[in-house]
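Inspection log for the structure reproduced underneath, given as C-alpha cells.
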Amino acid sequence: MQRPSPHLVISAYTQGIFPMAHPEEDDRIYWYAPDPRAILPIEDFHVPRRLEQTVSKEPFEICINRDFDAVIKECAAPRKTQKQTWISSGLAAVYSELHHLGFVHTVEAWEGDELVGGLYGVAIGGLFAGESMFHRRTDASKICLVHLVRRLEERGFMLLDIQFITDHLAQFGAVEIPREEYEDLLAEALELPCTFVDDDDRCTDDA
C-alpha cells in the first residue's frame with residue numbers, strides 16, 4: 001500500500017501539486033499539476049435557481065467534520081461507471097491523518113442519523129482544494145457544495161481549487177486558468193490567515 005507522508009502531501013499542495021492513485025497499477029500514486037487548472041471562483045459562484053430553492057428548504061442537516069471516515073469511505077466507493085476510484089486505501093489513510101492534523105475537512109448532509117451526501121478537501125491558508133464528493137439523496141452533494149462556498153466566502157478564503165473541470169461543476173461557474181496564473185493565486189492565498197472551522201464547529205444550519 002503506497003502511502004505518502006502527511007508532510008509530503010501538504011508540501012505538494014502548497015506548490016500546486018496533488019496526488020492521485022491509479023487502481024489499475026496497484027494503486028501507484030502519481031502527482032499532478034494540470035495546465036490549465038480548474039477553479040471555482042468563490043465570489044462569482046453560481047447557484048442554479050432550482051437548487052437555490054432546494055437549499056432554502058433546508059432538506060438536510062449540514063455538518064462540518066462530523067464523520068470524516070464515513071465521508072472518505074463513500075467518496076472512495078466505486079461509481080456506477082467505474083469499479084474503482086483514485087482514492088486508494090493509502091491516500092484515504094493519509095487524508096485521515098491530515099484531517100486529525102486540522103488540514104482536511106468535510107461538509108456533510110445528514111438525514112436524521114444517516115449520512116446522505118458530503119465532500120472533503122484540503123484547507124491551507126486561504127486555499128481550499130476540493131477533492132471529492134458523493135450523494136445518496138438527490139442534490140445532497142450539491143447542497144454541501146453551496147454551503148462550502150458560502151463558508152469559504154464568509155471566512156475570507158480566496159481560492160477554491162477543483163483541479164479538473166467537469167460538466168457538473170461548470171454549471172456553478174467553474175473556469176480553467178493557466179497554471180502560471182493558478183500558481184500566482186495560490187501564492188497569494190497561502191498568505192491569508194484563514195480558518196475553516198472553530199473548535200466547537202461540527203453541525204450548523206448555516207455552514
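Average 1/r across all pairs of distinct alpha carbons in segment 92-160, invert it, and you get the Kirkwood radius: 12.4 Å. Note on the chain: antiparallel DSSP beta bridges, both residues inside, total approximately 90 percent of the bridges counted. The H on the amide N of VAL104, modeled in the peptide plane, is under 5 Å from the matching H of HIS99, ALA123, each at least 5 residues off or on a different chain.
Arranged from fewest to most other beta-carbon atoms within 10 Å of their beta carbon, GLU153, GLU52 become GLU52, GLU153. Taking 30 Å as R0, compute the FRET efficiency from the Cβ-Cβ separation of LEU101 and ASP26 and round it to 0.05. FRET efficiency, LEU101 to ASP26: 0.65. Packing, taken as the mean count of other beta carbons within 10 Å per residue, orders the peptides 12-18, 68-74 from highest to lowest as 68-74, 12-18.
Ordering LEU192, LEU98, LEU160 by the number of other Cβ atoms within 10 Å of each residue's own Cβ, fewest first, gives LEU192, LEU98, LEU160. Counting beta carbons within 10 Å around each of MET20, MET158 and listing the fewest first gives the order MET20, MET158. Expressed per residue, the C-alpha convex hull volume of segment 6-204 stands at 119 Å³. Backbone phi angles across segment 104-119, fed through the Karplus curve with coefficients 6.51, -1.76 and 1.60 (θ = phi - 60°), yield HN-Hα couplings of 10, 9, 10, 10, 10, 10, 10, 10, x, 9, 10, 7, 10, x, x, 8 Hz in residue order; Gly and Pro are listed as x. Name the residue from ALA123, ILE29, LEU148 whose Cα lies farthest towards the positive end of the charge dipole of the chain, charges +1 on Cβ of Lys and Arg and -1 on Cβ of Asp and Glu. My answer, from the dipole projection, is ILE29. In terms of its C-alpha gyration tensor, segment 1-42 comes out oblate, because a/c is 1.5 or above while a/b does not outweigh b/c.
Values quoted throughout were computed directly from the atomic coordinates according to the rules given, and no laboratory measurement underlies them. In this text, all values refer to a predicted model and were calculated from it rather than measured experimentally. In this analysis, Cβ positions are derived from the backbone assuming ideal geometry, glycine residues included, and neighbour counts consider all displayed protein chains.
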